[in-house]
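S.K.: Following this message is one structure expressed as structure tokens.
The values are calculated or read from the model by the stated rules, or taken from the named source; none is laboratory data. These numbers were taken from a predicted model, which means no experiment stands behind them. Every residue, glycine as well, gets a Cβ built from its backbone with ideal geometry; the counts of neighbours run over all protein chains shown. Each accessible area value is taken on the protein alone, full model and side chains, heavy atoms only, with ligands, DNA and RNA left out. Shrake-Rupley method; radii C 1.70, N 1.55, O 1.52, S 1.80 Å.
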Amino acid sequence: MNRRDIEKRAAQLLQHHGVSQAPIPIKEIAEAEGLVVVEMSFNGDISGALIRNHGSSGIAVNATQHTNRKRFTIAHELAHYLLDHKDKDEDHIDWKFTVIRRDGKSSEASDVQEIEANTFAACLLMPSHFLRADLNNQIGFNGEADLDDAHIKAMAKKYRVSEMALRFRLANLGLIPPA
Ligand SMILES: [Zn+2]
């Protein structure tokens, strides 16, 4: 899937669930899509997992992580689920920095499906039309918004995402210069 398709898919999902403002109720969306969302005290550096269990599926997130990180993990696992990633009957575990499969193979974030899941999560939690509406008055003739640190901080708080994720997203959309 290319970036544009993922962007579209995320926007359709928000429309389907009648979401029109930030913060995106990501847990409620995942649950409405039929997934049970639970917090678990994982050992080690696990961010979360998509558990597929005889037709019923769920998302487990690491209870010790920051709320913003949990929200991103839920969105990431929801992406694997909705985009038909991996084998349907196989659990998928996401580590904080790498991904490991049940067969023991590990892969860096260069894995196509991991990149797709991260892109989908960013599109879902920070929809471009929401961001553009918020920045309407700040966007200059060059198409970029003039944002200071305080503004980024306030926006990250509103969307309940990390400042880093927000900066990355805004740069990807061409709304701020790349870092
Ligand atoms: Zn993943």
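S.K.: What's the carbon and sulfur percent of the chain's accessible surface, probe 1.4 angstrom, rounded to a whole number?
M.R.: 51 percent
S.K.: Quick one: Cα centre-to-centre distance for the range 137-176 and the range 47-93, in angstrom?
M.R.: Each part's Cα centre sits 27 Å from the other's.
S.K.: Return the ratio Rg/(2.2 N^0.38 Å) for the range 1-76, where Rg is computed over Cα atoms only.
M.R.: 1.18
S.K.: Over the chain, give the accessible area per residue in Å² for a 1.4 Å probe, as an integer.
M.R.: On a per-residue basis, the chain sits at 56 Å².
S.K.: About the Cα centre of the chain, what is the dipole size in debye to 20, counting +1 per Lys and Arg Cβ and -1 per Asp and Glu Cβ, all else neutral?
M.R.: Around 300 debye, computed over the chain.
S.K.: Rank Met155, His85, Ala49 by how far each Cα sits towards the positive end of the charge dipole of the chain (+1 on Lys, Arg Cβ; -1 on Asp, Glu Cβ) and give me just the farthest.
M.R.: Result: Met155.
S.K.: Now for a different question. Tell me, what is a quarter of the convex hull surface for the C-alpha atoms of the range 126-179, in nm² with one decimal?
M.R.: Its average projected convex-hull area is 3.3 nm².
S.K.: Another question, then. Cα axis of helix 149-159 to longest principal axis of the chain: angle in degrees, 0 to 90, nearest 10?
M.R.: 50 degrees
S.K.: Something else now. Which aspartates and glutamates, if any, have their Cα less than 17 Å from the Cα of Lys27, not counting same-chain residues under 8 positions apart?
M.R.: Within the straight-line limit of under 17 Å, Lys27 reaches these aspartates and glutamates: Glu39, Glu77.
S.K.: At a Cα cut-off below 14 Å, give the aspartates and glutamates reachable from Lys8, other chains included and same-chain residues fewer than 8 away excluded.
M.R.: Glu116
S.K.: Would you be so kind as to identify which of Gln12, Phe120, Leu131 lies farthest towards the positive end of the dipole of the chain, taking Lys and Arg as +1 and Asp and Glu as -1 on Cβ and the Cα centre as origin?
M.R.: Of the options given, the answer is Leu131.
S.K.: Pop the C-beta distance of Ala154 and Asp91 into the FRET formula with R0 = 45 Å and round what comes out to the nearest 0.05.
M.R.: Approximately 0.75, to the nearest 0.05.
S.K.: In addition: What GluC sites (Glu not before Pro) in the range 115-172 are in a loop by DSSP, with at most 12 other Cβ atoms within 10 Å of the Cβ?
M.R.: none
S.K.: Calculate the dipole size of the range 126-179 relative to its Cα centre from +1 charges on Lys and Arg beta carbons and -1 charges on Asp and Glu beta carbons; express the result in debye to the nearest 20.
M.R.: With only Lys, Arg, Asp and Glu charged at Cβ, the dipole is about 280 debye.
S.K.: May I ask you to list the chymotrypsin sites (Phe, Trp or Tyr not before Pro) in the range 126-179 that are in a DSSP loop and have at most 12 other Cβ atoms within 10 Å of their Cβ?
M.R.: Hits after loop and neighbour filter: Phe141.
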